[in-house]
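The values are calculated or read from the model by the stated rules, or taken from the named source; none is laboratory data. Note that this is a predicted model, so its numbers are computed, not measured. Note that we place each Cβ from the backbone using ideal geometry, even for glycine, and neighbour counts take in every protein chain shown. Heads up: the accessible areas ignore ligands, DNA and RNA and are worked out on the full protein's heavy atoms, side chains in. Shrake-Rupley method; radii C 1.70, N 1.55, O 1.52, S 1.80 Å.
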Amino acid sequence: MTSTLEDLLPCPVLRPGDAGFAEEVTGFNVAHPHEPDAVIAARCADDVATAVRWAARQGMPVAVQATGHGANSPMDGGLLISTRRMKRVDVHPDGRTATVGAGATWRDVQRATAPHGLAGLAGSSSGVGVVGYTVGGGLPVLGRAFGWAAQRVRRMDVVTADGEQQSVATDSEPELFWALRGGKSNAGVVTSMTFELLPLARIYGGSAYFDGAHAPGLLRAYAQWTATLPDQMCTALQLLRLPPLPDIPEPLRGRFTVQLCVAWPGDPAEGKRLVAPMRAAAPAFIDAIGELDYRDLDDVYRDPEHPVPAVEGCLLLRGLPGGAIDTLLELAGPDAATPLLVVALRHMGGALAELPATGDAVGARDAGYLLQTVGILAGPHAADVAPATAAARAAMTPWSTGHTYVNLHGTPGDEADRARAWPAETYDRLRRVKGRYDPAGLFRFGHSIAPAE
Ligand SMILES: Cc1cc2nc3c(=O)[nH]c(=O)nc-3n(C[C@H](O)[C@H](O)[C@H](O)COP(=O)(O)OP(=O)(O)OC[C@H]3O[C@@H](n4cnc5c(N)ncnc54)[C@H](O)[C@@H]3O)c2cc1C
């Protein structure tokens, strides 16, 4: 007789209709609700391995979710492995590393590392899961200064599609280790990960807000300014149309604004001097750029903290010539009628362009800027969001590298669209790794790719 998941697992197994099922499958992005046949609330690597082995025997596809920040496409059937309880964080101050469970968020890591004056390379929101972020490469707020989060990974424990548990590093299953640093969850479910920390307690950074009427001047100033900046200066410029909702602070609520995001790990006085040209470009109605405790890194981007039904879009740009800025202004400038809440430019380059000796599958090294759009599937313009996301991508394509960044790619489309998240040779190599470690395509949700024959 075939064993059921409930027979095999000591952790909760929930099916549609069970109490707690909806809460377990729902994460941060509520635009694309998951509808798996079952979800397991994993507590340890053995739970994950048992569930994967069981699913492989049934031929049932498997997905993994920690926080749901990357839930960009709905899961219809299959087995969902929820890792949100696997939140353990162990800091090793002497070796300057941390080992985290699959469910740990950057907030969990920051709480554990800050007392040691150490920090990990977190992204714009501390609610994001460390593992899900890092398997996509992990674009940190301080990326131009210190490179991709994936470059700092020393070791990963992973469950592959055959249900085997492996500990992978540069000297053990190096090809699998390569793919798990930038290739998303195509080759397995990571159950724990060890990565390097930096001695970092304070930075110069934060954000400043300008009235949207200044968008044309600010975009042009930003293009000139970023062309002159040292690598360590990490910035973004965001065109924001935040909705008139009560939990959005009054000066930003229901208004078109421009946000300058700054993070500089060097001398604060030098940071202030470097930011001066942007402060001179237009009057800010909020200027909260100054010395910042690294624990308050979320103050740089001020991303939403509560679940949202978001549709994301992304394109890597080679540069920002006048034509690109004019097109951006047509799409999202003061006179544009767009349902997109956020149209953002992140300055890339610096350490993000460097390929480490160990190599990895990160695909966004050759970009000058990352263009990101976010729309919300709510309100009277919900139906316009997907077409506006596609239109923005198409309009900016003449200045693009032709590629996206997998973590911010948005809803993955057909295989050709998925392939755009990596350079062709990285994508081909990832397909070969997928063919070796997941030939049946057990992990076929999210940003999965086709295994090579
Ligand atoms: C508000 C916000 C801010 C963001 N800021 C940044 C940023 O600054 N830089 C950046 O690079 N990205 C950023 N992202 C994107 C984010 O890194 C990705 O969405 C990432 O996948 C989120 O991981 P998660 O585990 O939190 O989300 P989940 O939705 O739980 O997981 C997303 C995907 O990650 C993979 N994954 C998760 N856990 C595992 C595991 N244990 N093993 C293998 N694969 C796994 C799976 O493919 C899964 O489908 C941001 C997203 C949001 C919504």
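Structural remarks
- Of the set (1) in contact with a Pro (Cβ under 7 Å, 6 or more places away or on another chain); (2) surrounded by fewer than 24 Cβ atoms within 10 Å (Cβ to Cβ); (3) within 19 Å of residue 433 (Cβ to Cβ), all apply to residue 157 but (1).
- Test for residue 371: is it over 18 Å from the mean Cα position of the chain (by Cα) and over 27 Å from residue 160 (Cα atoms): no
- When residue 49 is tested against (1) closer than 26 Å to residue 293 by Cα; (2) out of contact with any helix residue (DSSP H, G or I) (no Cβ under 9 Å at 6 or more places or on another chain); (3) crowded, with 19+ Cβ neighbours inside 10 Å, just one condition goes unmet, and that condition is (1).
- Against the list (1) within 14 Å of the ligand (Cβ to nearest atom); (2) part of a loop (DSSP other than H, G, I, E, B), the condition residue 176 fails is (2).
- Residue count for region 140-154 under the criterion of being part of a loop (DSSP other than H, G, I, E, B) and either surrounded by fewer than 23 Cβ atoms within 10 Å (Cβ to Cβ) or out of contact with any Lys or Arg (no Cβ under 9 Å at 6 or more places or on another chain) (or both): the result is 4.
- Filter pass, residue 451 being buried (at least 19 other Cβ atoms within 10 Å of the Cβ), more than 22 Å from residue 346 (Cβ to Cβ), of a type outside the set (S, T, N, Q) and away from the ligand (no atom under 14 Å from the Cβ): yes
- Residue in region 59-107 that is farthest from the ligand (Cβ to nearest atom), counting only those that are modelled with pLDDT under 95 and not small (Gly, Ala, Ser): 76
- Residue match in region 352-363 (condition: within 13 Å of residue 313 (Cα to Cα) and open to solvent by 10 Å² or more (accessible area, probe 1.4 Å)): no
- Search result, residues across region 153-164 that are within 13 Å of the ligand (Cβ to nearest atom), touching a residue at least 40 places away in the same chain (Cβ under 8 Å) and closer than 17 Å to residue 131 by Cα: 153, 157, 159, 160
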